[in-house]
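For reference, the structure discussed in these notes is given below.
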Amino acid sequence: MESKIAPAGVQITTEQILREAQERRDSVFSVPKQRVDDLEELDEHRGRKRVEFEERVRRTRGNIKEWLQYANWEASQNEFTRSRSVFECVLDVDSRSIQVWLNYTEMELKARNVQPARNLFDRAVALLPRVDQLWYRYVYLQELLQNIPGVRQVFERWMQWEPEDKAWQAYIKMEERYQELERASAIYEKWISVRPEPRVWVKWARFEEERGRTDKAREVLQTALNFFRDEEEQIEKAQSIFSAFAKMETKLKEYDRPRAVYKFALEHLPKTKSEVLLAAAYTNFEKQHRTQSTLESTVLGKRRIQYEEQVSQDGRNYDIWFSCANLEEGTLRHLRDGGTTADKEQATIGRVREVYERAVAQVSPGNEKRH
Amino acid sequence: MPPTRSSKRQEKAKEMADEETAVEATQDEDVVMTSVDTNESTEDDPASDGTAKMTMDARKAKMEELRRKMAASSRANRASLVEESTKSKITARDAARLDRQRKLAETLRLKADAEERGEDVERAKNWEYTIEENDAWEKKQARKARRADFAFHDDAHAARRRYKKELDHIKPDLEAYNKQKEVAMGLAPGTLTQFDPKAGPASSPTSLEQQLAAENLYRDANTLMYGDSKPSEEAIDRVVSKINRDIDKKGKFSRKRLNEDEGDITYINEHNRVFNKKIARYYDKYTAEIRASFERGTAL
């Protein structure tokens, strides 16, 4: 008798099973369509649904999603008092959830109840003042309804909380949209008083410039400079103010002020990368609006800084020393050609000597010419 | 109905018949005319027969010409008919596509020509743009670049981005606002807004009214006025349409993709399929060897 316990010749694979299952599956289960014929049936249907929803939220009280489904279903049935009561229950459960607040206001707005929506936003914003989303939505709603005084009120309330910079900018942009530039200026002032950072000063100055009030812009930047004049590190931070000031004055074709600003900045700043940038800006400025001597001195100054850097890196590179010496000798020759005072000549000669002395002081490590 | 050959022949036959009758009529006329003309000149007599014959030839020639004209016009009609039928068949989308292809081909040709000649097409094109146009273009590109970052950083950032995008849809109603402002600042009506001749002679508001209006317009955080604005119906319409727009956008957020069947069914239901896709996304790079050996059937 053949053994019946041996395995079959051809085994089935898991892929085969899965594929067959996929091919032979039933259609997806769909909810049977219920037709509601009259008011009684409608009431019954609603009652059943309400029971179902209440069960769900009773079981999972913290699950906001279920609550929101319940509330939105009531709203879709145009039962607004019930929907509102459900929303209030959710707020009782978790009043700090932004989702609930936004859903609630959306429900009111879809039902064209504008004042209730505004009241809700008022509550939300009083409860969660650090959530920017709610403020933005509130402000947007007011503006969409063309209620500009309302917009102002909301923004003023928001600014009392001293929010981030973007919020201040939103307020200013709003005033600009309605051509209230004086008020925008006042808002900038308040912003500065809250957050006196260099970039805020610069923004204000640019705003005044674009507005055409250059005297105000100058005043702003001067106040900024006075504010930052006192300490060294602050001056470092305030480089943007210097460059902004200089740029503005150059646009207005006043050439002495930027020069003074640049000189002041270069004197007080330590030799950092940003200082080099400022020096580059200064040279550009001088190239455009210069007198001969000042241009030369700035160019020379820049070159000197460069050489100093290179020399400090590698003191043995004789080429650099030679170019350095050439630079100084060049200036000397220039002076002699131009005809200058003896003092200046002496000073330049002194500098040339200094360079040579320093070059010679670099002793080679060994007796060979090449290492 | 397009002209068929038989109908055309009928037409031609009819016309020929017409023309022949016309020829005959004119011939008769001519004969009459010549008989009338005999008074005027006797020399025309032998010539009059000739003229009658010539007119016959002339008439024949004229008829030939008319025939030619008719044939040509019917051919032209046919051609335009064919053209129209083909045009109606091309959909707008195809037409747009062909248009684009044509333009692309043209630009490519221009570029090729310019390269042969050794010119720079870009520079030549840039001559056409004014400075303002160029500035506006660059500003637009910069704004696009700034807005392109759609990764989620944090809630405040997302909220602000959404606010700025929505601001594009607001059109500030400066007219109404300026009217309010006029009343608030006590200016004569018409300083800030357009002069409205239909409105009656409105007197400037009293100082008390002006004060109230100013307080109303420029509100502070501590203003006690609340809930006094009654938005118009169209304002509420705007709000509702904005909400509907948002719902539409949310619906279109994840595009439906065609489920190209991979062939390898490793799931038992839809949920399982999506889960397998997710797992594959994260772990495929680590399990490459394992999967390869599965395929082979043996480990290496």
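Please treat every number below as a calculation from the coordinates, not as lab data. Quantities reported herein were computed from a predicted structural model and do not represent experimental measurements. Virtual Cβ from ideal backbone geometry, glycine too; neighbours counted across all protein chains shown.
Enumerate by residue number the trypsin sites (Lys or Arg not before Pro) in segment A:125-233 meeting two conditions: DSSP loop (anything except H, G, I, E, B), and at most 12 other Cβ atoms within 10 Å of the site's Cβ. Before the final figure, lay out each step's value.
On the way: sites: A:130, A:137, A:152, A:157, A:166, A:173, A:177, A:183, A:190, A:199, A:203, A:206, A:211, A:213, A:216, A:218, A:229; in loops: A:130, A:213, A:229.
Here the sparse-neighbourhood loop sites are A:130, A:229.
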Original post:
Extent of segment B:100-162 along each principal axis, from alpha carbon coordinates, in Å, largest to smallest?
Top reply: 56, 29, 19
Original post:
In nanometres, what is the gap between the two model label sites at residue B:256 and residue B:237, each 7 Å from Cα along Cα-to-Cβ?
Top reply: 3.2
Subject >> Kirkwood-Stokes translational diffusion coefficient of segment B:238-286, alpha-carbon pairs, 4 °C, 1.567 mPa s, µm²/s >> reply: 93
**OP:** Return the average number of partner chain Cβ atoms within 10 angstrom of each residue Cβ along peptide A:13-19.
**Re:** 3
Original post:
What list do you get for A:87, A:285 if you sort them by fewest beta carbons within 10 Å?
Top reply: A:285, A:87
Original post:
Tilt of helix A:165-177 relative to the longest C-alpha principal axis of chain A, in degrees (0 to 90, nearest 10)?
Top reply: 90
Subject >> Integer Hz, Karplus 6.51/-1.76/1.60 couplings in order for segment B:57-65, x for Gly and Pro >> reply: 4, 4, 4, 4, 4, 4, 5, 4, 5
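Grab the Cα-Cα distance for residue B:107 and residue B:129, subtract it from 0.36 nm times how many residues apart they are, and report the gain in nm with one decimal.
Working: separation 22, 0.36 × 22 = 7.92 nm, distance 1.75 nm.
Once the chain is fully extended between residue B:107 and residue B:129, it gains 6.2 nm.
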**OP:** Output the relative contact order of chain A, whole-number percent, from Cα pairs under 8 angstrom with separation of 6+ residues.
**Re:** 5
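For chain A, which longest stretch is free of loop sites, where a loop site is one of the GluC sites (Glu not before Pro) that DSSP puts outside H, G, I, E and B and that has at most 16 other Cβ atoms within 10 Å?
Working: sites that count: A:2, A:79, A:164, A:231, A:254, A:368.
Formally, the longest exposed-site-free interval is A:255-367.
Considering just Cα atoms, how many Å³ per residue does the convex hull of segment A:26-124 enclose?
Value for segment A:26-124: 129 Å³ per residue.
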Subject >> Fraction of alpha-carbon pairs over 31 Å apart in chain A - percent >> reply: 66
Subject >> Nearest-20 debye value, segment B:254-300 charge dipole, Cβ charges on Lys, Arg, Asp, Glu >> reply: 320
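Please arrange A:39, B:174, A:221 by counting, for each residue, the other beta carbons lying within 10 Å of its beta carbon, fewest first. Spell out each step's value before the answer.
Working: A:39 8, B:174 14, A:221 25.
In increasing order of surrounding Cβ atoms, one gets A:39, B:174, A:221.
Within 10 Å of each Cβ in peptide B:159-167, how many partner chain Cβ atoms are there on average? Round it to a whole number, please. Walk me through the intermediate numbers first.
Working: counts 9, 8, 1, 4, 9, 4, 0, 5, 7.
That works out to 5 on average.
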Subject >> Shielding score for A:134-144, defined as the mean number of other chain Cβ atoms within 10 Å >> reply: 4
Original post:
For the residues A:140, A:318, A:307, what sequence is obtained by ranking on other C-beta atoms within 10 Å, fewest first?
Top reply: A:318, A:307, A:140
